[in-house]
Amino acid sequence: MAIARTVFLALLLALGVAPLAEAQNGKPLFIAADMVRDRGGSGPACVLTSRFMRKEGVAWRIRVQDATGTELDDKSLKSVVVELSDGQKIEAHFKGHPPGDAPTDHFWSTSWKIPEDYPTGSFNYKVVATASDGTTQSWQPFNVKPSLLTVVAGTFEPAK
Amino acid sequence: MTRVLGAAVRGVLFVIALLAPAASAAQLGPDAPLATPHGFVGRMTVSPERGPPGTPVRVTAEGLPADTDFQLVWRTVKGRWKVAQAEYHGREYTPAAFEIATVRTDAAGRLAATFTVPEDFGFLHDVALQQGERLFIQAGFSVDMSVTIFAAEWPGGDADKG
């Protein structure tokens, strides 16, 4: 009976303490992201939008901060990835924007060209940041249809 | 006075018009799961890609598993007033999906079907082919909003001039 009680207590400790220890080690991450038109699209680049035609480029701009508000760059984070609803993972990189000699801001960004045969409609996505200690935090846009990534009918043909 | 009444009637009609899509959503089929894709399979088109409620739409798809049944699903939202203890807390819209039909691919993995656009909220809706929780492929259809006014039933009109 005493053995059973000891085993039961050990099980309780194993189940309860491990997640607690994990939570204490993980540092909270805070993500802010938006979606803009990439260069070479149907309108000016870096303009907020959620509606794209096939063959247009979608760009995501992402900030990740710690609990003190400090921005986390590629030296502080292991990765920042945009995950599309179909399972595609698009890795973001930390750099200055606009690109060139005189960036006015630095943040994580990535882009994705919508394939010519991609389905139309609305698609959810999420941004996942992974800290150097393995802690992950995800962010999703408002679950309101017009805010989601929307592929509208038509194919963008760039000017030649 | 007549002007105030005219405005009030217009307001009531406007609210009824806003509520109408939610009330008539019952004409859709049974609830379906909000399926998610694990990579899209095949290609699907709807024709036309936009139109008002009542528009007949032809769905075609190819590149799907052969001789297989799918749910053809209309995705929308369920709207409701958030009212608690006589206090109004705004509106709430929850994503929802309704079965339009069950369809079956042929031996070459193709299918064709038609459906009628239901009375529903305006703008983009996803038409999806799915099996249970798995979404295979989808296409967007944009519902054009329309308003019909019957002059014989309109109590405003000249009253506004009085």
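The values are calculated or read from the model by the stated rules, or taken from the named source; none is laboratory data. This one's a predicted model, so the numbers in the text were calculated from it and none came from an experiment. Please note: Cβ atoms are built from the backbone with ideal geometry, for glycine as well, and neighbour counts cover all protein chains shown.
I'm checking my understanding of the structure. Among residues of the stretch A:80-101 that are under 30 Å from B:R43 (Cβ atoms) and of a type in the set (A, V, I, L, M), which one is farthest from the other protein chains (Cβ to nearest Cβ)? Even if it seems obvious, please write down each step before you answer.
First, pick out the residues of the stretch A:80-101 that are under 30 Å from B:R43 (Cβ atoms): A:81-92.
Narrowing the set further to residues that are of a type in the set (A, V, I, L, M) leaves A:81-82, A:84, A:90, A:92.
On the way: A:V81: 17, A:V82: 16, A:L84: 9, A:I90: 15, A:A92: 21 Å.
So the residue we want is A:A92.
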For the subset of the stretch A:89-133 comprising residues that are closer than 23 Å to A:T70 by Cβ and touching a residue at least 60 places away in the same chain (Cβ under 8 Å), which member is surrounded by the most Cβ atoms within 10 Å (Cβ to Cβ)?
A:A129
Taking the condition free of Cβ contacts under 8 Å to residues at least 60 places away in the same chain, of a type in the set (D, E) and within 14 Å of chain A (Cβ to nearest Cβ), does B:E87 pass?
no
Matching residues in the stretch B:98-121 - criterion: being closer than 18 Å to B:P48 by Cβ and free of Cβ contacts under 8 Å to residues at least 60 places away in the same chain
B:A112, B:A113, B:T114, B:F115
What are the residues in the stretch B:111-138 that are surrounded by 15 or more Cβ atoms within 10 Å (Cβ to Cβ) and over 18 Å from B:V77 (Cβ atoms), if any?
B:L111, B:A113, B:F115, B:L129, B:F136, B:I137
Filtering the stretch B:120-162 for residues that are modelled with pLDDT of 95 or more, more than 18 Å from the chain's Cα centre (by Cα) and either polar (S, T, N, Q) or over 25 Å from B:V103 (Cα atoms) (or both) leaves a count of 1
First in the stretch B:36-47 and at the interface with another protein chain (Cβ under 8 Å from one of its Cβ atoms), second anywhere and in a strand (DSSP E or B) and surrounded by fewer than 16 Cβ atoms within 10 Å (Cβ to Cβ), Cβ under 7 Å, 6 or more apart
B:H38/B:R134
Test for A:V47: is it in contact with a Ser or Thr (Cβ under 9 Å, 6 or more places away or on another chain) and either at pLDDT 90 or above or surrounded by 15 or more Cβ atoms within 10 Å (Cβ to Cβ) (or both):
no
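Yes/no per residue for (1) outside any loop (DSSP other than H, G, I, E, B); (2) within 14 Å of another protein chain (Cβ to nearest Cβ); (3) among the acidic types (D, E); (4) under 20 Å from B:I137 (Cα atoms):
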residue: A:K75; (1), (2), (3), (4): no, no, no, no
residue: A:K78; (1), (2), (3), (4): yes, no, no, no
residue: A:P103; (1), (2), (3), (4): no, no, no, no
residue: A:W112; (1), (2), (3), (4): yes, no, no, yes
residue: A:S122; (1), (2), (3), (4): yes, yes, no, yes
residue: A:A153; (1), (2), (3), (4): yes, yes, no, yes
residue: A:E157; (1), (2), (3), (4): no, no, yes, no
